[in-house]
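These notes are about the structure you will find just below.
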Amino acid sequence: MHVKKIACLAFLGLAAISMALSGCSKKAESVFSNAGETAAPADAAKPGGAAAPDVAAKPGETAGAGGGAAPAGTAAPVETATPTPAEALPAAAFFDNYLVPPPVVFAAPAPTIRGIYVTGHRAGGANYLSKLLDFCHASDVNAMVIDTKTEEGTLTFKGIQMADDLGISKNYIPDIHASIQTLKDNGIYPIARFVAFKDGNTYNFNPALYIHNKDGSIWLDSNKAPWLNPYNPDTRAYVLDLAKGVAEAGFREIQFDYVRFAASSRLDDADFGDTGGLSREQIIEAFAQQAVDELKPYGVKVSADVYGTIINSDVDAAIVGQDYVGLAKILDVICPMVYPSHYANGSMGLDIPDLVPYDTIYRAMELSNKRLEAIPEGGHCAEVRPWLQDFTASWLKKYLRYSSDQRAAQIQGAYDAGLTQWLLWDPSNDYQPGGTEGDPSRKLADSGGPAGN
């Protein structure tokens, strides 16, 4: 999930483009401080896709996807600020919502999701897709989270007028409608992975949408990647117009990744323009509410990937702008990335989390349960659907080689914490059968609970 160089073409061609577009107690320190020691390589073996949903904790950036180094201990539930209503935000001045919401008839409710991540290349290749479907049928997997908008800022298929006009569409999935029909015919629920604010392409035609330095240049993270500015109403309109196009393609759920700020203290010196006095957490919540409101007419669920560490670290939540309880009050589904490899040694009382996949997932999800108790009974609370590790973290000094046994341990850890849904992340999409047969009806008393350290 990682982007590159920057070339600022500034205002050139802006008029033409405009025409094309109209028509827990607080922890004492941040868990990001140890991330460099537990980081995955930046291009973790993915065929034209991403490394892990929102994987920070890679060299050069300071947080882990659902990981990083979480201070031990359980955060007490806290009340969060009321999300700023989307309608109270400044209106977009440049981008118009040209897409007209279509009439929607819900065919069936969403199933209990047991899903896998799939790159655009794999989803678009008939042989690759066939092998993935074979895995799903053999493993009782019923959903695919497919790349649609990547952190490079490109779309993985053509057919969205706005994206095609801007030249940001690729042909990784040659016929998106046929691909989704194939999934439907095979009983697979299609989820769109849609990268929100990490974007290495839009600066080519509208650099104004980005976070800037005080000198007017575009702000870059430690990997020289630019980030769209969530405070900018034009940015939010741009992101959501593309998401509407993805919804129209036939996906049943839009799952936002990188719906956050960069995990960097250097943002303290950045220029966000008019913030309206909103904190990072408040503007991300406002975006989430706007996304739910604007995508609802398209008949899709709205979900988001979030760091696992924000569950019990208010410091991390403030840095990246992801408040776990606040977002759970808005989203349909919240997907904490709780890969054991992305927790620092000692997190949650575990010496080396990667070596104890069951304990890591169970304890992280129990922390989630405790945190969400802050939502009053009867209040809206998102379904919790964690991302689980289906890759080997060979960059760690001590690690397990993950296979079906470790997959099964994580799934059972989620079930024993009371969850019913999960997602598997393998950046190479090399999923092997086995280990998905966990028992969601098994009681914790029967399992013996976490094995301890």
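The values are calculated or read from the model by the stated rules, or taken from the named source; none is laboratory data. Nothing here was measured: the structure is a model prediction, and the numbers come from that model. Cβ atoms come from the backbone with ideal geometry, glycine included; neighbour counts cover every protein chain shown.
Looking at residue 380 and the list (1) closer than 20 Å to residue 287 by Cα; (2) touching a Phe, Trp or Tyr at 6+ places or on another chain (Cβ under 9 Å), which single condition is not satisfied?
(2)
Just to check your reading of the model, which residue among 192, 208, 243, 247 is among the small types (Gly, Ala, Ser), modelled with pLDDT of 95 or more, over 30 Å from residue 112 (Cα atoms) and outside any loop (DSSP other than H, G, I, E, B)?
208
Across the stretch 358-376, which residue is nearest to residue 410 (Cα to Cα) among those that are of a type in the set (Lys, Arg) and more than 20 Å from the chain's Cα centre (by Cα)?
Here the answer is 363.
Return the residues of the stretch 297-319 that are touching a strand residue (DSSP E or B) at 6+ places or on another chain (Cβ under 8 Å), part of a helix (DSSP H, G or I) and either among the charged types (D, E, K, R) or surrounded by fewer than 21 Cβ atoms within 10 Å (Cβ to Cβ) (or both); say none if nothing qualifies.
Listed by number, the list holds a single entry, 316.
Give me the residue from the stretch 254-280 that is surrounded by fewer than 23 Cβ atoms within 10 Å (Cβ to Cβ) and among the charged types (D, E, K, R) and, out of that set, nearest to residue 192 (Cα to Cα).
Once the filter is applied, the top-ranked residue is 280.
Could you pull out the residue among 383, 373 that is farther than 30 Å from residue 397 by Cβ, touching a Leu at 6+ places or on another chain (Cβ under 9 Å) and of a type in the set (Asp, Glu)?
When all the criteria are applied, what remains is 383.
When you look at residue 394, is it polar (S, T, N, Q), at pLDDT 95 or above and farther than 22 Å from residue 257 by Cβ, yes or no?
yes
For the stretch 295-310, which residues satisfy the criterion of being under 18 Å from the mean Cα position of the chain (by Cα) and either over 25 Å from residue 143 (Cα atoms) or among the hydroxyl-bearing types (Ser, Thr, Tyr) (or both)?
303, 307, 309, 310 - these are the residues of the stretch 295-310 that are under 18 Å from the mean Cα position of the chain (by Cα) and either over 25 Å from residue 143 (Cα atoms) or among the hydroxyl-bearing types (Ser, Thr, Tyr) (or both).
Check whether at least one residue in the stretch 211-222 is among the aliphatic types (A, V, I, L, M) and surrounded by fewer than 24 Cβ atoms within 10 Å (Cβ to Cβ), and report yes or no.
yes
Going through the stretch 368-421 one residue at a time, which ones are farther than 23 Å from residue 145 by Cα, charged (D, E, K, R) and surrounded by 17 or more Cβ atoms within 10 Å (Cβ to Cβ)?
371, 416
Of all residues in the stretch 96-126 being modelled with pLDDT of 95 or more and not small (Gly, Ala, Ser), which is surrounded by the fewest Cβ atoms within 10 Å (Cβ to Cβ)?
Per the criteria, the residue is 121.
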